[in-house]
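What follows is a set of notes on a single structure, which appears directly below.
The values are calculated or read from the model by the stated rules, or taken from the named source; none is laboratory data. Here the structure is a predicted model, which means the values were calculated and not measured. Virtual Cβ from ideal backbone geometry, glycine too; neighbours counted across all protein chains shown. Keep in mind that these areas ignore ligands, DNA and RNA; they rest on the heavy atoms of the full protein, side chains included. Shrake-Rupley method; radii C 1.70, N 1.55, O 1.52, S 1.80 Å.
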Amino acid sequence: MAYLNFSNVSKNKTGFQLKLKKNRKEYQPHFYGHSDIALHEALLCRNKLYKSLDYVHRHYMITLCKPSELHADGGKVEGISRLKDSRRINSEYFQFAIRKLENRALTYKKVFISTFDSEQDALEYSVKFRNQWVSCYNRIATIYNKKRKAQFIRNAKLEAELLEPSIHEGAPFDKYLWQDISISLYGETLDQENPFVAKPKKKKRQHHYPA
């Protein structure tokens, strides 16, 4: 059969070369011959490495966000910047990147210092709000990554069975999967005034009736 492009497997003059790198260590077993059997064995070996190394293409996954921490010495808080708007009076504010829980749409939240009793109060509010968002966001992302990893493994097995590419290294973000998870966790209608922080949806109580 004509060779197609398979993830982490390349064809050379003598056979199929497996190339995989994890934690700065490289894995490059070689399989001689250009037959379907040789390709099948190379893909099986690759899949075993995927499992043993807990390997998943980064395009399939969402990076979790780190919470912000206040420092006693007044040092810079990770994820939050202090800025100034030259077009406004009392224009100093704290700003941080944030994504909507429903669809990961990126925006920036501004917390103006002048609306608080002190700059420290504004910073504490910013940290609290951002960390509430991080908790909600990471809850969705953790489930999303788990499902995407399972999809990646299924696609890898399909490649070995059918000898046809199923893994796409530039796999796009699955917005429909993300939305399904966000709805299952937080309900169909997130608060439009605050689409960044939400309480988990209450589970329906199950009634047990005597037989």
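Of all residue pairs spaced 6 or more apart or on separate chains, those with beta-carbon atoms under 6 Å, a first member in the stretch 81-92 that is open to solvent by 60 Å² or more (accessible area, probe 1.4 Å) and a second member that is small (G, A, S) are K84/S91; N90/S114.
Here are some residues: E102, E124, E92. Which one is at pLDDT below 95 and within 22 Å of Y144 (Cβ to Cβ)? Please lay out each step first, then the result.
Working: E124 fails: within 22 Å of Y144 (Cβ to Cβ); E92 fails: within 22 Å of Y144 (Cβ to Cβ).
Among E102, E124, E92, only E102 is at pLDDT below 95 and within 22 Å of Y144 (Cβ to Cβ).
When the test is whether a residue is among the small types (G, A, S), at pLDDT 90 or above, more than 30 Å from K157 (Cβ to Cβ) and surrounded by 11 or more Cβ atoms within 10 Å (Cβ to Cβ), S35 does not pass it.
Picking from residues in the stretch 101-135 that are under 21 Å from the mean Cα position of the chain (by Cα) and polar (S, T, N, Q), the one that is surrounded by the fewest Cβ atoms within 10 Å (Cβ to Cβ) is T107.
If you go through the stretch 79-113 and keep only what is under 22 Å from V134 (Cβ atoms) and in a loop (DSSP other than H, G, I, E, B), you end up with G79, I80, K100, L101, E102, N103, R104, A105. For the stretch 65-80, the candidate set comprises residues that are in contact (Cβ under 8 Å) with a residue 40 or more places away in the chain and surrounded by 13 or more Cβ atoms within 10 Å (Cβ to Cβ); within that set, the residue that is farthest from L123 (Cα to Cα) is C65. Among the residues examined, G79 does not qualify as more than 21 Å from the chain's Cα centre (by Cα) and not acidic (D, E).
Criterion applied to A150, A156, A198, A160 was being farther than 30 Å from N47 by Cβ and either at pLDDT 90 or above or surrounded by 11 or more Cβ atoms within 10 Å (Cβ to Cβ) (or both), and the one residue passing it is A198.
Within the stretch 4-26, being part of a strand (DSSP E or B) and open to solvent by less than 50 Å² (accessible area, probe 1.4 Å) holds for F6, V9, S10, G15, F16, Q17, L18, L20.
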